[in-house]
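Each value in this text was obtained by applying a stated rule to the coordinates, not by laboratory testing. On a predicted model such as this, the values are computed, not experimentally measured, just so you know. Backbone-built Cβ (ideal geometry, glycine too); neighbour counts: all protein chains shown.
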Amino acid sequence: MRNTRGETRWALACAGYQLPKPHCFNSPQLFFFFSFLFLLLISLSLSLSSHKLVANSIYQMAALSGKIVQNVFVAQYYQQNRQFATRSQMDCFSPCVCNLLPFQGGKLAWTSISSMQMHTLAKHQSHFINRGIIYCKSVLDSHYAAAPSTSAIPSLDKVDFRKLQNGSDIRGVAVAGVEGEPVSLAEPVAEAIAAAFCTWLLEKEKAHVPRRLRISIGHDSRISAQMLQDAVSRGIAGAGLDVVQYGLASTPAMFNCTLTDDEAFLCPVDGAIMITASHLPYNRNGFKFFTSAGGLGKVDIKDILERAADIYSNFTNEGLMDSKRKAAASVKKVDYMTVYTSDLVKAVRKAAGNLEKPLEGFHIVVDAGNGAGGFFAAKVLQPLGAITSGSQFLEPDGLFPNHIPNPEDQAAMRAITEAVLENKADLGIIFDTDVDRSAAVDSSGREFNRNRLIALMSAIVLEEHPGTTIVTDSVTSDGLTKFIEKKLGGKHHRFKRGYKNVIDEAIRLNSVGEESHLAIETSGHGALKENHWLDDGAYLMVKLLNKLASARASGIAGGSKVLTELIGSLQEPAVAMELRLKINQDHPDLKGGSFREYGEAVLQHLENYINSDPKLQKAPVSYEGVRVSGFGGWFLLRLSLHDPVLPLNIEAPSTEDAVRLGLAVAAAVKEFQALDTSALNKFVQLS
């Protein structure tokens, strides 16, 4: 069987992406193979007089064997005192090269088989090994051309910047290699976006800040993070603003640094950029932007991307080289996560009456999914006295080899549940890649995510703020509404999907006199008024820890049962599902219109159909899609925020009742030929 994971890691390492230390093979054959390769390359380097000749020689050797060289990775053993295979995880393929070679670093990369013009670009790898990189005839040839020019660069790839918008985020493909997914977030694109954010920020803030503006940059564990951080740094520096790099960080910390007042950590910053694509596959990446007012919204992102398109189209060799020089001279590095984690620790201690170790004796395991959340075990829980043995996947690994870092993913929740049960822990905590979402598991293995997490947070918040309004997304259950309003005495305001929509609605309600202290989605995004309406997965978990700590301080024992009992009366459906009905944008039934127009027509037809069926009742208030009650359950058909998809959520007390609801939807939409109802048809036929 082919070792496809090993091949992927090798190829990505060759392409210059940061990778965690792979498992090493203690093999004499491997030693001799690399020794032979090393000696061969030394011989070549001594016999050839230039970088170009070395590259051409190696290429010709590979060409003779009928292969096209994409990447050549040269490695030697380094640090003579390093023991080979003394640990299960070591740097087998260390990107250091012998000093006898005419260049430092470890990669020769060809993106074309002609015009082998080389440029050396030093890459600083935070928490990974530094390595030099030699690029041959790529878009970066123009970016870092030796001969400056004031004319626009014709060889830059054409980019539709509008397609990079994903609501209030920017998302794109940053790593090549996945079929059908060409790179859309290359370095020059990232540099243009960062420069555009600077121009946007200057217009908003310059009149209010007496000093030069500064922007911080953080990233999650993705393998393209360092590449994009360097590009973003160049964009900021080229725009004349100060650059502060945080390295591995969480999304919530990036907003928090706009509020922190501590000049020792260069805070507050005027703007912050988080490089992340949440739980998406390893080849994706993107950006989130913050000011002290919060995360930027859709309108702001659209504005920034329009500016970026103009900047990108006017890039010149001279300007890009100038940005590179400015970044090299001005970038500052700060360990801001120390400040952020310290604040979390203080919050728990305060809730427990300022005890130094309020969680002493509690056994809490963390699953970071190899994202950025590994800090929570050592930097938050352990200082509070908690036992964290059994925590897993804390090491950053941008290939996410164990499970998708997503609290909504069944495999991820199964992993943390098993860890809790195997270690007989009191509580389990799991984060998504950039730590703005989270979930938990009690000592019995019961999951606190989706409706349960919302119910738990509602119970905690309504104890502190009786009668307050809880704002959620549109797919929350009827049982949750009854729990919030009948059991807890609060008000449930069910709004739209999208964490920014939910947060903005809570802010709006407060502005018109309706008190709201919690905005939370079933996805695990949750924001509290007391925390500046920041959707912070770590802070949500701190609220649970506060409850544990305060209960113990009050003499209440039972560990996580304190949390479980808070939602004991929550009614949950026997059946809950989401089906996705895709719209074929090429189908003639659209008649040249947009998928959004077609989707709205489907929803209008469904609404008319429901009004004629006495067994079904349309919800009196629905901010998104068509929500209908019937057969003891409910369904919601809505149009996706970004994609040509109509998600259908169904909850019911039995499979038979769920099928009845599904049949009602199927009958209503059967006339729409561009709508793929295969998933719905399969459910109602097989159930």
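The Cβ shell under 9 Å around Pro252 holds other residues with a net charge of -4, Lys and Arg each +1, Asp and Glu each -1. The local environment of Ala674, defined by Cβ-Cβ distances under 11 Å, has a net charge of -2 under the rule Lys, Arg +1 and Asp, Glu -1.
Classify the range 625-687: rounded, prolate or oblate, from the alpha-carbon gyration tensor (a ≥ b ≥ c, eigenvalue square roots; a/c under 1.5 rounded; otherwise prolate if a/b is larger than b/c)? Walk me through the intermediate numbers first.
Details: a/c = 1.97, a/b = 1.35, b/c = 1.47.
Oblate.
Applying 0.36 nm per residue to the separation of Glu464 and Ser389 and subtracting their alpha-carbon distance, the gain on full extension is 23.8 nm.
Can you give the net charge of the other residues whose Cβ lies under 13 Å from the Cβ of Lys424, counting K and R as +1 and D and E as -1? Working shown, then result.
Values: positive: none; negative: Glu418, Glu422, Asp426, Asp442.
Neighbourhood net charge equals -4.
Residues whose amide H comes within less than 5 Å of that of Leu241, counting only those at least five positions distant or on another chain, are absent (H built at 1.01 Å from N in the peptide plane). Annotation: the residues Thr276, Thr564, Thr468, sorted from fewest to most other C-beta atoms within 10 Å of their own C-beta, follow the order Thr564, Thr468, Thr276. Model label points for Lys424 and His642, set 7 angstrom from Cα along the Cα-to-Cβ axis, are 4.5 nm apart. Based on the Cβ-Cβ distance from Ala378 to Asn402, what FRET efficiency comes out when R0 is 25 Å, to the nearest 0.05? Result of the calculation: an efficiency of 0.85.
Here the Karplus curve 6.51 cos²θ - 1.76 cosθ + 1.60, taken at θ = phi - 60°, turns the phi angles of the range 443-448 into couplings of 5, 8, x, 7, 7, 10 Hz, with x standing for Gly and Pro. The alpha-carbon positions of the range 161-335 define a convex hull whose volume is 111 Å³ per residue. Cβ crowding within 10 Å, taken as a proxy for footprinting-reagent exposure, orders Asp478, Asp434, Asp643 from fewest neighbours to most as Asp643, Asp478, Asp434. Rounded to whole numbers, the Karplus 3J(HN,Hα) couplings from phi for the range 609-619 are 5, 5, 4, 9, 10, x, 7, 10, 10, 6, 4 Hz, using 6.51 cos²θ - 1.76 cosθ + 1.60 with θ = phi - 60°, and x at Gly and Pro.
Quote the relative contact order of the range 340-566 in percent (integer), defining contacts as alpha-carbon pairs under 8 Å separated by 6+ residues. Write out the running numbers ahead of the final one.
Working: 495 pairs, mean separation 44.5, N = 227.
Here the relative contact order equals 20 percent.
On the beta carbon distance between Ile507 and Lys346, with R0 = 30 Å, the FRET formula returns roughly 0.75. Taking amide hydrogens as placed 1.01 Å from N in the peptide plane, the amide H of Leu534 sits under 5 Å from those of Leu528, each at least 5 positions away in sequence or on another chain. Segment Ala553..Asp310, full-extension length gain: 81.6 nm, with 0.36 nm per residue of separation and the alpha-carbon distance subtracted.
Fewest Cβ neighbours within 10 Å first, please rank Ser622, Ser216, Ser516 accordingly. Show your work: numbers first, answer last.
Values: Ser622 17, Ser216 29, Ser516 23.
Listed from fewest to most nearby Cβ atoms, that is Ser622, Ser516, Ser216.
If you count, for each residue, the other Cβ atoms within 10 Å and average over each peptide, how do 171-181, 589-599, 250-260, 236-246 line up from highest to lowest? It would help to have the intermediate numbers written out before the result.
Working: 171-181: 16.8, 589-599: 14.5, 250-260: 24.7, 236-246: 22.8.
Listed from highest to lowest mean packing, they are 250-260, 236-246, 171-181, 589-599.
One quarter of the convex hull surface built on the alpha carbon atoms of the range 575-686 amounts to 6.6 nm², the projected area averaged over directions.
With r defined as the distance between the Cβ atoms of Asp300 and Gln617 and R0 fixed at 35 Å, what FRET efficiency is calculated, to the nearest 0.05? Calculated value: 0.35. Quick one: what does P(r) look like for the range 317-475 with 10 Å bins over all Cα pairs, in whole %? Over the range 317-475, the share of Cα pairs per 10 Å bin runs 10, 30, 33, 15, 8, 4, 0 percent. Label separation (Glu656 vs Ser569): 3.0 nm, computed from points 7 Å beyond Cα along the C-beta direction. Under the simplified labelling scheme, the Asp157-Glu205 pair shows an inter-label distance of 3.0 nm, with each label point 7 Å from Cα along Cα→Cβ. Take every pair of alpha-carbon atoms less than 8 Å apart whose residues are at least six positions apart; their mean separation over the length of the range 270-425 yields a relative contact order of 17 percent.
Values of log10 I(q)/I(0) for the range 340-566 across q = 0.10, 0.15, 0.17 Å⁻¹ run -0.41, -0.95, -1.22, by the Debye formula with one identical scatterer at each alpha carbon and no solvent. Near Lys591, which lysines are there with a Cα under 20 Å away, not counting those fewer than 8 places off in the same chain? Excluding near neighbours in sequence, the set is Lys582, Lys670.
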